Amino acid sequence: MAQQVQGVIARAKGEPVRIETIVVPDPGPGEAVVKVQACGVCHTDLHYREGGINDDFPFLLGHEAAGVVESVGDGVTEVAPGDFVILNWRAVCGQCRACLRGRPQYCFDTHNAKQKMTLTDGTELSPALGIGAFAEKTLVAAGQCTKVDPAASPAAAGLLGCGVMAGLGAAINTGEVGRGDSVAVIGCGGVGNAAVVGARLAGAAKIIAVDIDDKKLQTAKGLGATHTVNSRTADPIEAIRELTGGNGADVVVEAVGRPETYEQAFYARDLAGTVVLVGVPTPEMRIDLPLLDVFGRGGALKSSWYGDCLPSRDFPMLIDLYRQGRLDLDAFVTETIALEDVEKAFERMHHGDVLRSVVVF
């Protein structure tokens, strides 16, 4: 029987979000209903509200979440009622060309629930990233549920569902940071600081955090950065080169998503080094680089999608590290808030006061 719960809805571009009653249907084949316990407030949700993703309003926001499976539909074997899960937006299909080549982390046909959640008047909702977790319960594809250790804090665990995984994966999976490497991270918000943590986990010898905000740089230092550069007062390219013997960093993670910071990343890497773009640009942005420099500097220019993660592989492993005290996910939870405080959390995000505000149910 369908259930009615409260959720955060974006009705139109730029309008403040509001709490409304939504209808969650019983799970169909391959689907699951999850009782949400915590959901982080991510920049992507703000992009949805601002019309920066698409114009399929109204949106049910929220996607960076953890909770407990309440019920499952026919044919579901991955999870069962009572399982503690992190929600993910990469439910791999197993059949596309990426999956068949043994690269499911690049799956080109990820699954979402086939049924739609609605408002009480029948208006269909577009769930953010196919999840819609700013709600007491949500309907997802069963493959979007990754079972992890239930002893983990939901507020911390849920952050692996998007931002923290994106940053960690950008360093570990995409950048392939190795022991003794030098790493620079440009942009030290939640994703950038997660890249700092990922570089530390991978054994980087030197981790250089770059930002225009001293508060963010101080946070990065606490999470493992060995050096910091305020790019408002210093040239980050020259500063990174100076800190790396004049060579540049082995891996540079760009976590801003702007042409000027990407160019900084390009020239701040060592010859044959790697640039990883994990910051999300807007459609109108362009980059102009001399083709001879692209050729002459060698190395790799990569984009990182969701940290190139495979949730079934990465989430349980990272939660194990968290439980062992080797990965401080709690450090990313700046504050816990109620569902009705999401709009205020968007405002705080603009001021750079938080790594993550997390809605706790």
Just to confirm the number: angle between the C-alpha axis of helix 259-268 and the first principal axis of the chain, 0 to 90 degrees, nearest 10? 50
How are the C-alpha pair distances of the chain spread across 10 Å bins, as whole percents from the shortest bin up? 6, 25, 33, 24, 10, 2, 0
Which percent of the accessible heavy-atom area of the chain goes to carbon and sulfur, probe 1.4 angstrom? 49
Which sequence of Lys137, Lys344 reflects their accessible areas, 1.4 Å probe, from the largest down? Lys344, Lys137
The chain: angle of helix 190-201 to the longest principal axis, Cα-based, in degrees nearest 10: 60
Identify, among Met1, Gly299, Thr110, the residue whose Cα sits farthest towards the positive end of the charge dipole of the chain, taking +1 on the Cβ of Lys and Arg and -1 on the Cβ of Asp and Glu, with the dipole about the Cα centre. Gly299
Per the helix-only model, the chain has a calculated mean residue ellipticity at 222 nm (DSSP H runs of ≥4, -39500 (n - 2.57) each, divided over all residues, rounded to the nearest 500) of -7000 deg cm²/dmol
Put His43, His351 in order of accessible area, largest first, probe 1.4 Å, and you get His351, His43
Divide the volume of the convex hull of the Cα atoms of the stretch 128-185 by its number of residues and quote the answer in cubic angstrom per residue. 140
Multiplying the sequence separation of Asp328 and Ala272 by 0.36 nm and subtracting their Cα-Cα distance, what value in nm do you get? 17.0 nm
Under 27 Å from Lys206, Cα to Cα: lysines that are on another chain or at least 8 residues apart: Lys215, Lys216, Lys221, Lys302
Taking a probe of 1.4 angstrom, what is the accessible area of Arg18 in Å², to the nearest 10? 120
Excluding ligands, DNA and RNA, what is the solvent-accessible area per residue of the stretch 248-318 at a probe of 1.4 Å, expressed in Å²? 48
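The values are calculated or read from the model by the stated rules, or taken from the named source; none is laboratory data. All values reported here derive from a predicted model rather than from experimental measurement. Cβ sites come from the backbone with ideal geometry, for glycine too, and all protein chains shown count toward neighbours. Ligands, DNA and RNA are stripped out before the accessible areas are found, and what is left, the full protein with its side chains, is counted by its heavy atoms. Shrake-Rupley method; radii C 1.70, N 1.55, O 1.52, S 1.80 Å.
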